[in-house]
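So the structure is just underneath, and the comments pick up after that.
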Amino acid sequence: MIKGLNWLSTFMELKVNSVRQGGLCVACLCPNAFNGLCQPCRADLPVNRWHCRCCALPLAFPSAELLCGDCLKFPPPFSLSCIPWRYQYPLDGMIGRYKYNGQRKFARPLLADFAGLLEQRLNSEALPKPDVLVPAPMDSKRRRRRGFNQARDMAEYLARDLGIPVAAGLVRRVRRVRAQRELNREARLANLRGVFEVTSAAPERVAIVDDVVTTGATVRVLASALREAGARDIQVWALARTPG
Ligand SMILES: [Zn+2]
Ligand SMILES: [Zn+2]
């Protein structure tokens with residue numbers, strides 16, 4: 001009996017410790033994780049340190065005021081982007097497992113850190129607080145095949161943490177598009193024309209939430225649609241940006 005109680009208290013102690021430490025690291029499986037990632041693995045994440053101040057395109061050198069060529073030539077319909085990482089190893093693999101295999105544990109460290117960063121920037125007023133979060137919509141066929149829309153899942157996580165509502169039904173994706181990667185700028189924008197439908201008037205301040213911003217064409221078209229529906233200040237919140 002006493003032996004059993006000892007075993008039980010040891011078990012409980014281990015359980016409490018594992019909760020405090022967050023259990024195994026999703027990247028290296030060591031037991032010292034915090035929010036699912038240990039400190040050395042967290043330090044390996046590719047931080048998007050130097051970037052365009054509007055679209056967060058990674059840049060090779062620092063400059064607080066610098067805009068990338070694309071933003072200079074074609075000012076985007078959004079005011080700023082908050083995108084903390086570059087879409088590179090090992091973060092690309094973590095996002096892939098989340099998005100294509102539905103393994104949320106790989107996104108948890110990223111979402112927890114991202115929510116912390118956003119909270120800090122909202123509190124310091126470096127970011128104006130949006131009225132709603134708008135997840136980048138996915139067409140229904142793809143969502144059925146994948147089982148969920150990762151942008152909506154992300155927006156719901158951030159909404160709980162930051163106390164900002166999600167407007168999931170505000171924008172619909174009305175058709176599928178060809179892969180964007182091999183198209184040039186004009187073709188990308190033409191490819192996306194009429195792809196989003198805003199279902200009601202948009203609030204004044206909106207943050208678009210997506211997992212990865214690749215060419216930036218999709219968020220531009222989505223932001224334009226929201227602007228036409230009445231949004232005045234649009235931000236882009238994403239986990240990662242592909243290097244140009
Ligand atoms: Zn680790
Ligand atoms: Zn830019």
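The values are calculated or read from the model by the stated rules, or taken from the named source; none is laboratory data. Because the structure is predicted, anything quoted here is derived from the model rather than measured. All Cβ positions, even for glycine, are placed from backbone atoms using ideal geometry, and neighbour counts span all protein chains on display. Only protein heavy atoms, including side chains, enter the accessible area calculation; ligands, DNA and RNA are left aside. Shrake-Rupley method; radii C 1.70, N 1.55, O 1.52, S 1.80 Å.
For the chain, with the dipole built from +1 on Lys and Arg beta-carbon atoms and -1 on Asp and Glu ones, taken about the Cα centre, which of HIS51, LEU170, GLN235 lies farthest toward the positive end?
LEU170
Rounded to the nearest 10 Å², what accessible area does SER140 have for a 1.4 Å probe in the complete protein model?
Roll a 1.4 Å probe over it and SER140 shows about 60 Å².
Be a star and scan the stretch 160-192 for residues whose amide nitrogen sits under 14 Å from the point 7 Å along the Cα-to-Cβ vector of ARG104.
160-161
Note down the nm distance, to one decimal, between modelled labels 7 Å out along Cα→Cβ at PHE148 and at ARG181.
Placing both labels 7 Å along Cα→Cβ, they lie 2.5 nm apart.
For SER124 and ARG49, compute 0.36 nm times the residue count separating them, minus their Cα-Cα distance, and round to one decimal in nm. Don't skip to the end; give the middle numbers.
Values: separation 75, 0.36 × 75 = 27.00 nm, distance 1.91 nm.
Length gained between SER124 and ARG49: 25.1 nm.
Per residue, what accessible area does the stretch 3-241 have, given a 1.4 Å probe and all protein chains present, in Å²?
Details: 12710 Å² over 239 residues.
Ligands and nucleic acids excluded, the figure is 53 Å² per residue.
Ranked by accessible surface with a 1.4 Å probe, highest first, in what order do THR218, THR242, THR199 come? Please report the intermediate quantities before stating the final value.
On the way: THR218 40, THR242 15, THR199 75 Å².
These residues rank, largest area first, as THR199, THR218, THR242.
Tell me, what is the FRET efficiency for ASP139 and TYR89 to the nearest 0.05, using R0 = 25 angstrom and their Cβ-Cβ distance as r?
Rounded to the nearest 0.05, the efficiency is 0.30.
With charges set only on the Cβ (+1 for Lys and Arg, -1 for Asp and Glu), what does the dipole of the chain come to about its Cα centre, in debye to the nearest 20? If you can, show how the numbers build up before the last one.
Working: 37 positive and 21 negative charges, 199 e Å.
Dipole about the Cα centre, nearest 20: 960 debye.
May I ask you to give the percent of accessible area on the chain that is carbon plus sulfur, with a probe radius of 1.4 Å?
Working: 6990 of 13200 Å².
Taking all protein chains in place, the chain shows 53 percent carbon and sulfur surface.
What number do you get for the stretch 3-241 when its Cα radius of gyration is normalised by 2.2 N^0.38 Å, N = residues? All intermediate terms of the calculation are to be shown ahead of the outcome.
Working: Rg = 19.6 Å, N = 239, 2.2 N^0.38 = 17.6 Å.
Rounded to two decimals, the normalised Rg is 1.11.
How big is the antiparallel share of DSSP beta bridges in the stretch 156-244, given as a percent to the nearest 5? Show your work: numbers first, answer last.
Numbers: 3 of 11 bridges.
About 25 percent, rounded to the nearest 5.
Pull out the extension gain between ASP233 and ALA201, defined as 0.36 nm times the separation in residues minus the alpha carbon to alpha carbon distance; nm, one decimal. Please list the in-between numbers first.
Details: separation 32, 0.36 × 32 = 11.52 nm, distance 1.39 nm.
Full extension from ASP233 to ALA201 adds 10.1 nm.
Do any trypsin sites (Lys or Arg not before Pro) in the stretch 144-244 lie in a DSSP loop with no more than 11 other beta carbon atoms within 10 Å, and if so, which? Walk me through the intermediate numbers first.
Details: sites: ARG144, ARG145, ARG146, ARG152, ARG160, ARG172, ARG173, ARG175, ARG176, ARG178, ARG181, ARG185, ARG188, ARG193, ARG205, ARG220, ARG227, ARG232, ARG241; in loops: ARG175, ARG176, ARG178, ARG181, ARG193, ARG232.
Those satisfying the criteria are ARG175, ARG176, ARG178, ARG181, ARG193.
Out of all DSSP beta bridges with both ends in the chain, state the antiparallel percent to the nearest 5. Before the final figure, lay out the partial values.
Values: 6 of 24 bridges.
Within the chain, antiparallel bridges account for around 25 percent of the total.
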